[in-house]
1. Between 145, 173, 177, which is in contact with a Ser or Thr (Cβ under 9 Å, 6 or more places away or on another chain), under 20 Å from residue 68 (Cβ atoms) and in the same structural domain as residue 51 (by TED's automatic domain parsing)?
2. Out of all the residues in region 81-133, which are closer than 21 Å to residue 162 by Cβ, more than 22 Å from the chain's Cα centre (by Cα) and small (Gly, Ala, Ser)?
3. Any residue at all in region 64-83 that is in the same structural domain as residue 149 (by TED's automatic domain parsing), of a type in the set (Asp, Glu) and closer than 26 Å to residue 119 by Cα?
4. So residue 95 clears everything in (1) closer than 25 Å to residue 189 by Cα; (2) touching a residue at least 40 places away in the same chain (Cβ under 8 Å) except one condition, right? Which one?
5. Could you list all residues from region 186-215 that are in contact with a strand residue (DSSP E or B) (Cβ under 6 Å, 6 or more places away or on another chain), farther than 24 Å from residue 144 by Cβ and in a loop (DSSP other than H, G, I, E, B)?
6. Of all residues being surrounded by 14 or more Cβ atoms within 10 Å (Cβ to Cβ) and farther than 13 Å from residue 101 by Cα in region 59-69, which is modelled with the highest pLDDT? Just the residue, please.
7. If residue 130 satisfies every condition in (1) buried (at least 18 other Cβ atoms within 10 Å of the Cβ); (2) within 19 Å of residue 55 (Cβ to Cβ); (3) of a type outside the set (D, E, K, R) but one, which is the exception?
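The values are calculated or read from the model by the stated rules, or taken from the named source; none is laboratory data. From a predicted model like this one, the values you see are computed outputs, not experimental measurements. Heads up, the Cβs are rebuilt from the backbone with ideal geometry, glycines too, and the neighbour counts pull from every protein chain shown.
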Amino acid sequence: MKNSKIKLFQTLFILLFLIFSCGKKKIKQEMNIDTVNNKTINPQEYKVNQNTSVLTWVGRKVSSGHNGTIMLKSGYLNVSNDGIIDGEFNIDMNSISVSDLQGGGKASLERHLKNEDFFNVNDFPLSKISFRSNKDHIIKNQLDLDAALTIKNITHPINFTATIIEVSPKLKLKAELVFDRSLYDVKYGSGKFFENLGDRLILDEVQIGVDLEFN
């Protein structure tokens with residue numbers, strides 16, 4: 001009987017220890033989450049470094065896809081003294097590059113993306129995205145942005161979230177967004193404009209990854 005009481009006491013002690021440890025760990029995790037400090041972007045105008053900033057793109061068919069890069073022509077981000085954040089980036093459409101192909105296949109797809117079937121870069125060499133928000137909206141170093149995307153002189157609203165990576169010695173931001181190419185008169189292979197495409201169907205959603213560094 002004495003041994004049974006000892007074993008019962010030991011079991012209760014272990015259970016209480018585990019409960020206390022888990023509770024303490026959870027409180028610590030919650031404290032860590034709640035005490036994340038937002039990085040402060042100082043009021044000034046920041047010029048984008050077009051040599052170290054890059055956009056990546058992903059376009060997909062039904063069962064395959066391609067990816068590549070595209071460069072910025074120019075751009076800025078401005079933080080006013082009252083906390084308003086606004087900016088504009090010009091995208092060099094002639095810089096569209098394919099990363100997952102080599103040789104003739106790469107050159108052929110790059111030509112196709114630049115011609116009238118897709119982005120018609122001869123007539124529309126620049127695309128543009130402008131945005132505006134308030135730094136009071138920065139939560140856990142993430143900022144929701146209301147933006148406008150212009151491709152082929154057609155503009156539509158778009159929303160996305162930017163993440164502040166660092167503010168010193170240089171401001172660096174990352175973001176991901178998705179746009180519907182069919183809204184910008186990019187019709188080739190789109191199921192919205194053509195029927196019975198089968199494996200030739202190209203999805204309308206284009207994924208864009210953004211890595212920005214400012215001078």
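1. Details: 145 fails: under 20 Å from residue 68 (Cβ atoms); 173 fails: under 20 Å from residue 68 (Cβ atoms).
Unique residue meeting the criteria: 177.
2. Kept after step one, since they are closer than 21 Å to residue 162 by Cβ, are these residues of region 81-133: 81-92, 127-133.
Okay, now just the ones that are also more than 22 Å from the chain's Cα centre (by Cα), so 81-83.
Residue satisfying the conditions is 83 alone.
3. First, the residues of region 64-83 that are in the same structural domain as residue 149 (by TED's automatic domain parsing): 64-83.
Among the residues that remain, those that are also of a type in the set (Asp, Glu) are: 82.
Right, trim to closer than 26 Å to residue 119 by Cα and you get none.
No - not one qualifying residue is present in region 64-83.
4. (2)
5. Of the residues in region 186-215, the ones in contact with a strand residue (DSSP E or B) (Cβ under 6 Å, 6 or more places away or on another chain) are 189, 202-215.
Remaining after also requiring farther than 24 Å from residue 144 by Cβ: 189, 202-203, 215.
Within region 186-215, 189, 203, 215 qualify.
6. Here is the first cut: in region 59-69, the residues surrounded by 14 or more Cβ atoms within 10 Å (Cβ to Cβ) are 59-61, 66-69.
With farther than 13 Å from residue 101 by Cα added as a condition, the list becomes 59-61.
Numbers: 59: 95, 60: 92, 61: 88.
Looking at the filtered set, the residue picked out is 59.
7. (1)
Residue-by-condition table, conditions (1) within 21 Å of residue 67 (Cβ to Cβ); (2) in contact with a Pro (Cβ under 8 Å, 6 or more places away or on another chain); (3) of a type outside the set (D, E, K, R):
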{"position": "102", "(1), (2), (3)": "yes, no, yes"}
{"position": "137", "(1), (2), (3)": "no, no, yes"}
{"position": "157", "(1), (2), (3)": "no, no, yes"}
{"position": "166", "(1), (2), (3)": "no, no, no"}
